[in-house]
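Worksheet: the structure to be examined is printed underneath.
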Amino acid sequence: FSCNLSDLLCSFPGLLYQEYRDKSTREEIETRRLQDSQTDPEATSPSEETPSEAEPTSTAENKAPPQINLLRNSNSRFNLWQDLPEVQNSGVLSILQPDEIKLQEAMFELVTSEASYYKSLKLLVSHFMENEQLKKILHQSEAHILFSNVLDVMAVSERFLLDLEQRVEENIVISDVCDIVYQHTVNHFSVYITYVSNQTYQERAYKQLLQDKPAFRDVISQLERDPKCKGLSFSSFLILPFQRITRLKLLVQNILKKVEEKSDRESTALDAHKELETVVKACNEGVRKMSRTEQMISIQKKLEFKIKSVPIISHSRWLLKQGELQQMNGPKTSRTLRTKKLFREIYLFLFNDLLVICRQIPGDKYQVFDSAPRGLLRVEELEDQGQSLANVFILRLLENADDREASYMLKASSQSEMKRWMISLAPNRRTKFVSFTSRLVDCPQIQCVHPYVAQQPDELSLELADVLNILDKTDDGWIFGERLHDQERGWFPSSMGEEILNPKIRAQNLKECFRVHKSDDSQRRKLGSRNRQ
């Protein structure tokens with residue numbers, strides 16, 4: 001049985017990728033909510049990511065596959081693989097096992113989502129980039145910063161989609177797609193690193209153009225109102241490539257969770273996932289590198305050294321956290337309120353390898369009076385000794401700027417701020433709950449139901465449907481979490497997510513995560529044994 005994907009995609013309503021992505025992630029959230037609400041262990045299997053509706057129970061009806069109705073809205077024109085007329089007329093649904101049908105759906109989603117993404121890229125190019133009015137307003141250098149190498153990205157997506165289309169046309173039962181993902185990631189997806197690395201300059205240029213050129217602002221606004229854009233903003237089109245490369249990795253993870261263990265398809269999916277992870281990390285590093293360099297130059301200009309000067313700017317150094325804390329005056333023993341001022345302000349700049357302790361001075365400057373390598377920092381929470389000493393902790397510098405040990409008693413403005421400083425200053429300190437890498441059988445988990453953009457370096461940006469292990473939490477509404485799909489850690493407001501209460505679902509999430517990252521684990525074990533040798 002074969003299927004012409006061109007005809008099939010033409011029959012789709014042509015969802016733009018932004019619409020597809022939003023619907024898809026919200027359906028994922030609803031699926032988890034449904035699973036999480038199941039209290040009867042027999043009512044649902046945690047391995048089923050997409051619950052079935054009206055599943056037959058009698059053996060006589062077992063030939064009929066479960067209807068995986070992710071989209072409850074009858075007006076939605078989303079198509080599932082099993083809903084396609086070609087599939088339904090072929091008779092394969094009475095032959096395939098339910099697990100294979102789920103795998104077909106996962107592979108089919110990767111294909112159709114790429115078609116949706118390509119459609120949105122084409123609109124970005126034809127509707128915005130090639131608009132004659134916009135061309136007249138923008139200088140060539142401005143257009144280059146704004147659109148970067150989007151034509152290369154679109155060409156890569158088209159080639160990728162053609163290969164996926166050819167695979168689907170070979171047989172209505174898709175043999176595999178991860179081999180195609182692997183080949184394209186290795187040979188072509190470097191264009192994404194170039195595009196995403198330009199993101200900092202792109203965002204800045206866009207804001208500047210909106211501010212400085214009213215004509216630009218008017219044309220963009222006019223183009224956004226066109227029905228083709230379906231109410232979506234120009235900036236939502238500009239960030240498409242970064243969203244897509246990240247989402248593609250998650251789609252491969254979804255396939256990997258459904259393929260047979262120790263099969264060729266599992267091996268191919270693991271290879272594809274590993275290569276995609278390399279590209280995503282390079283994209284993230286590209287963005288960070290651009291902004292970090294500028295940030296370090298800015299900090300260097302603000303610092304004045306009372307002690308021996310420390311060179312701040314380094315290619316391998318970046319800011320982790322900065323902010324004001326209160327330092328307790330006098331020796332530790334004078335823990336009374338008899339002095340006029342018990343605490344005085346100090347300002348900390350914490351880098352990945354260095355702590356700089358300052359006092360703010362006039363002219364937006366900071367006078368540095370102590371420093372220490374980050375590896376030589378220790379923290380200790382002070383037991384609650386009344387309101388004046390609430391949120392107080394001890395910071396020990398095992399070797400400070402004078403090559404001696406020093407201690408500071410510091411007070412934070414809140415419990416969450418104290419915990420955030422303590423975890424940043426001493427990252428290997430044990431958290432309240434244990435992380436993913438500890439292989440704990442159960443751990444508190446949360447799924448993101450509202451996207452969040454990090455406001456501070458120690459915070460974690462969240463996408464809808466992200467699942468995280470909770471490592472620590474505070475009474476004033478903050479969570480320190482570790483995202484399962486990439487092990488990135490950071491703080492975020494607890495209001496951004498919903499805790500996953502069903503232990504079976506939590507266990508399944510961890511099991512799937514271990515499986516996805518098992519190739520990384522074997523590499524780590526090999527490296528560990530080499531290091532021991």
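Under Stokes-Einstein, with the Kirkwood radius over Cα pairs as Rh, the value for the stretch 92-149 at 25 °C and 0.890 mPa s is 169 µm²/s.
Considering only protein heavy atoms and a probe of 1.4 Å, how much of the accessible area of the stretch 445-526 is carbon and sulfur, as a whole percent? Provide the component values of the computation, followed by the final result.
Working: 1690 of 3340 Å².
Carbon plus sulfur share of accessible area: 50 percent.
Sorting 316-323, 366-373 by average packing, meaning the other beta carbons within 10 Å per residue, from highest down gives 366-373, 316-323.
Between Q211 and S175, what length comes free when the chain is fully extended (0.36 nm per residue of separation minus the Cα-Cα distance, one decimal in nm)?
Values: separation 36, 0.36 × 36 = 12.96 nm, distance 5.15 nm.
So the extension gain works out to 7.8 nm.
Using a probe of 1.4 Å on the protein chains alone, the accessible area found for R204 is around 110 Å². Entry comment: accessible area of the stretch 445-526 is 41 Å² per residue, from protein heavy atoms only and a probe of 1.4 Å.
Quick note on the stretch 445-526: its Rg to Rh ratio, both from C-alpha atoms and Rh being the Kirkwood radius, is 1.00.
Summary of packing: across the peptides 249-261, 499-511, the per-residue average of other C-beta atoms within 10 Å ranks them, highest first, as 249-261, 499-511.
The values are calculated or read from the model by the stated rules, or taken from the named source; none is laboratory data. Values in this document were obtained by computation on a predicted structure and should not be read as measured data. Note that we place each Cβ from the backbone using ideal geometry, even for glycine, and neighbour counts take in every protein chain shown. Keep in mind that these areas ignore ligands, DNA and RNA; they rest on the heavy atoms of the full protein, side chains included. Shrake-Rupley method; radii C 1.70, N 1.55, O 1.52, S 1.80 Å.
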